[in-house]
1. Go through the range B:148-164 and give me each residue that's assigned to a loop (DSSP other than H, G, I, E, B) and within 14 Å of chain A (Cβ to nearest Cβ).
2. Please specify each residue of the range B:28-77 satisfying the condition of being outside any loop (DSSP other than H, G, I, E, B), within 30 Å of B:Asp163 (Cβ to Cβ) and of a type outside the set (Lys, Arg).
3. In this structure, is A:Asp557 in a helix (DSSP H, G or I) and either away from chain B (no Cβ under 14 Å) or touching a helix residue (DSSP H, G or I) at 6+ places or on another chain (Cβ under 6 Å) (or both)?
4. crowded, with 16+ Cβ neighbours inside 10 Å, more than 25 Å from B:Asp73 (Cα to Cα) and within 14 Å of chain B (Cβ to nearest Cβ): does that describe A:Phe535?
5. Does the range B:165-176 hold any residues that are more than 14 Å from chain A (Cβ to nearest Cβ) and outside any loop (DSSP other than H, G, I, E, B), and which are they?
6. Yes or no: the range A:174-194 includes at least one residue that is without any contact (Cβ under 8 Å) to a residue 40 or more places away in the chain, among the hydrophobic types (A, V, I, L, M, F, W, C) and either surrounded by 13 or more Cβ atoms within 10 Å (Cβ to Cβ) or not in a helix (DSSP H, G or I) (or both).
7. Consider A:Val491 carefully, then state whether it is closer than 15 Å to A:Lys697 by Cβ, free of Cβ contacts under 8 Å to residues at least 60 places away in the same chain and of a type in the set (Val, Ile, Thr).
8. Count, please, the residues in the range A:58-76 that happen to be part of a strand (DSSP E or B) and at the interface with another protein chain (Cβ under 9 Å from one of its Cβ atoms).
Amino acid sequence: MTDRESQIRRSLRPAERVLLLTETDIDRSGMFGRRWLAVTNERLTTFSADEAETHPELEVPLDEIKKVAVAHRVGHAVLEAETKGRRVELLRLSNSLTERFGKVAKALTDARKDDKEPEFDLTEEEARTCPNCGRLLPEKGGVCPACLKKREVLARLWRYMRPHWPRLVLVSVCILMGVALELAPPYFTKILIDNVFEGGGGAALLLVVVLCLVVVRLTSTVVNVIRGRLSAWLGSRVVHDVRFDLYQAIQRLSLRRHDKTQSGGLLSRLTGDTTMLGFIFIDVGAWFIPNMLLLVGICAALFVLNARLALLVLVPVPAVILLTLWFYRRLSRMYHRWYQRRAKMSALAMDSISGIRVVKAFSQEPAQIRQFAERSTEVYEATAAAECMWATGGPLIALVTATGGFLVWYFGGLAVLRDEMTLGALMAFISYLFMFYGPIHMLTGFSDFMNRSFAAAQRLFEITDAEQEVYEDPHAQPLHDPQGAVEFDDVHFGYVKDREVLKGMDLKVHPGEMIGLVGRSGVGKTTMTNLICRFYDVTEGAIRFDGVDLRKVRLRDLRRHIGIVPQESFLFDGSIAENIRFGKPDADREEMIRAATAANAHGFIMRQPDGYDTRVGERGARLSAGEKQRIAIARAILHDPKILVLDEATSSVDTETEELIQTALARLVRGRTTFAIAHRLSTLRYADRLLVVEDGKQAELGTHQELMAKKGTYQKLVEMQSKLSAIKAVDG
Amino acid sequence: MTESSNLAPPSTLKEPYHESLEPDALRLFRDESGRLRLTIQGDRSYLDVKVVRAFPFSDPGRHVGLLDAGAGDRVIGLVPDPKQLDRSSQEHVGEALEGHYFIPTITAIVSLTEEFGAVYCDVQTDRGPRHFVARGVRDAMEELGDGELLIPDVDGNRYRVADWRRLDPRSRRLLERIV
């Protein structure tokens, strides 16, 4: 408890019991700051952070309160209390706290409704900060990126490697051999100079040495080929395994998460990040480890040959490392900018080219060309800057590196002149020296590269670890021969926390009944159907299927018994037959034709030159809206669901097609519990009952006749529509 | 996931979409219940009014919409220039707007670190200092043109940068990591 909190407790009346003392992040003047809400058994009070202040800023006696609610505004929310005839703004809060204060508001309202003392339970909140390091978490209840260290990522990657351990061992052996073999030739150079040319070893020794060189070269070639091939295979294989896991995860990912993540983002993870991950495997195996070992080997060789000279070699090393690091960091930032700008440019071109008809129709080509020219200029500037940097930095680093060589030539030369060192040793030394700086350059660029690879791995695991679909109860019940009764019981739901779409929806639907959902757009009709399919979970209340909470029903079974004819029929690139069979791949051709016939689709399908084998194109682009719709209906008929969702199935077709679709639908809904959304009320004529939704709640419910007699919203809607169609008739 | 409609709203909920209200006839005031009230003189009165901006970013000072909060936020009309209202109404409009919008403008970036795709930001805003975490910020960030940015954090708060090119050099350098 903070000092201010104990102070606040002290400044309340002695007889009062504090039921809740909680803090908001916006102060009274609308600045980020601290402010407290104190609820006692007598009143609601707010206190500022000002320690000199012992009086509450605001107070509302508990027994005057009718209702407390979090009202969402733009970018923040307000906790409001409604008293007799008054509305009091208690405090403001950022979107980070809406969940907590939502609970406070509910507890207070519930307590007032039952006229008892409020009880607060704010503990359910998922952790916002990391229990280890106290850092804010990127997602509530998520993993702390700082505490999830590279070791864990490596451990998980290792799990993918483990099954291939024999090959890994082989790769390691190859790496060791390769390094040893690479170190050999300079040593032979030494023998060649000292023993053959200077020591008079003769042609025989020359032949032996040259043969040794040939053998070393041959062996190292073989070893390198084996190592390269093995690690390439290993890398690609492991990337495949990761990608496969990732794709499985994406398919099972909850829709809520799909809404949050752009599909482009998911795709780039699937292709880009997995490739990046491949670099870890291939490059760590084929590049990093051998280079490290080589570096160690060369160092050893240098010191064995001449320790004093070796120390000289090390002189420019810190400068080389620092310079390279600095250079790579700048360069990578420049390349990053170049990459971002290029992405922006292609996005613009994509957008403009796919909308080329609109562009031409509004004769906006010059503006589009101008915009593209701007983006393209940005790209060329970024490219030029990066390339110039590269062109300057590369030779500069080479120059600094070369200083080591100058020192060795001079001091090594002196040593040879003084006979402290043989010429062969100096030549070998120089050869090792050239080999020495290569790995150093690589290693400096490597840390940055590795970081990015780890980030890629982390992003991948973020998806594989993400909430999978909506949570399924391990004791979920299977559905045997369901009846199809559906019940909404005080259902609350919102896609984002700022906006609740359903605000206490109640509805009871009998098996086989068809319910028409009526209301303005945005009132929650489609949302209701989304919840029935359990694409999302309700935030409050429950939906029951045959009396069982949806959350207790096996998801697989639930979906098996639900069919959807969506607003925009989505067809997959493939044949008409494949699309009809989508929900039941093992359906035979006769069944399929029966479904298509019932959907009034058989006729037009047969008129296609390729019949049922007609390719529909990407998203069904080669078919008309009405045709796609009927294929979607056939798909639903074949699926044979107990519950059917029709979302404005006839919105964008001509009258004749509408008639075809209507009769197809009439066949489809028979014996199924159906939820139909339509704006044209005439299309709901088969509905048993109509539900008028207003403001996320049930406004009216009954048959067409009942609702007309009621003279409420429905009757007005019908009247207006008949006027509209009268206008159409006159115009038409 | 919104529902689209090819149908105009029902006649009972008629909205005068483009009605510009005559500023001289408007009186906005708080009644004793704390609600904002609107009287269009010689015509009608609304008991619970919400004031919103038509262009909260590109033209926040003008084109103020009045909504009838008592009737599902139906549009009452548009005030093209609130400065033409009488002094007291103007104050109430200003106060209501102030209370409706909360989009802090970043004036300086104290620190910005990126780890595993999450960006931890320590910023100074016109609403005081704030620490926030953003995720997938490059995709989620909105560029409003002329250097204006909206950066969303993980909780759905948004932070505005008026013109990133005019921030101090250090802030700009930090921001450039994610722009």
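The values are calculated or read from the model by the stated rules, or taken from the named source; none is laboratory data. What you see is a predicted model; the values in this text were computed from it and never measured. No Cβ is skipped: glycine too gets one built from the backbone with ideal geometry, and neighbour counts run over all protein chains shown.
1. Within the range B:148-164, the subset assigned to a loop (DSSP other than H, G, I, E, B) is B:153-157, B:162-163.
If the condition is that a residue be assigned to a loop (DSSP other than H, G, I, E, B) and within 14 Å of chain A (Cβ to nearest Cβ), then B:Asp153, B:Val154, B:Asp155, B:Gly156, B:Asn157 are the ones that fit.
2. The answer is B:Val51, B:Val52, B:Val64, B:Gly65.
3. Details: in a helix (DSSP H, G or I): yes; either away from chain B (no Cβ under 14 Å) or touching a helix residue (DSSP H, G or I) at 6+ places or on another chain (Cβ under 6 Å) (or both): yes.
Considered against the rule, which asks whether it is in a helix (DSSP H, G or I) and either away from chain B (no Cβ under 14 Å) or touching a helix residue (DSSP H, G or I) at 6+ places or on another chain (Cβ under 6 Å) (or both), A:Asp557 comes out as yes.
4. On the way: crowded, with 16+ Cβ neighbours inside 10 Å: yes; more than 25 Å from B:Asp73 (Cα to Cα): yes; within 14 Å of chain B (Cβ to nearest Cβ): yes.
For A:Phe535, the condition - crowded, with 16+ Cβ neighbours inside 10 Å, more than 25 Å from B:Asp73 (Cα to Cα) and within 14 Å of chain B (Cβ to nearest Cβ) - is met.
5. Filtering the range B:165-176 down to residues more than 14 Å from chain A (Cβ to nearest Cβ) leaves B:166-171.
B:Arg166, B:Pro169, B:Arg170, B:Ser171, listed by residue number.
6. Filtering the range A:174-194 down to residues without any contact (Cβ under 8 Å) to a residue 40 or more places away in the chain leaves A:184, A:188.
With the extra rule that they be among the hydrophobic types (A, V, I, L, M, F, W, C), the set shrinks to A:184, A:188.
This time we only want the ones that are either surrounded by 13 or more Cβ atoms within 10 Å (Cβ to Cβ) or not in a helix (DSSP H, G or I) (or both), so: A:184, A:188.
For the range A:174-194, residues without any contact (Cβ under 8 Å) to a residue 40 or more places away in the chain, among the hydrophobic types (A, V, I, L, M, F, W, C) and either surrounded by 13 or more Cβ atoms within 10 Å (Cβ to Cβ) or not in a helix (DSSP H, G or I) (or both): present.
7. Values: closer than 15 Å to A:Lys697 by Cβ: yes; free of Cβ contacts under 8 Å to residues at least 60 places away in the same chain: yes; of a type in the set (Val, Ile, Thr): yes.
Yes, satisfied.
8. Narrowing the range A:58-76 to residues part of a strand (DSSP E or B): A:58-61, A:65-72, A:74, A:76.
Right, trim to at the interface with another protein chain (Cβ under 9 Å from one of its Cβ atoms) and you get A:74, A:76.
Count: 2.
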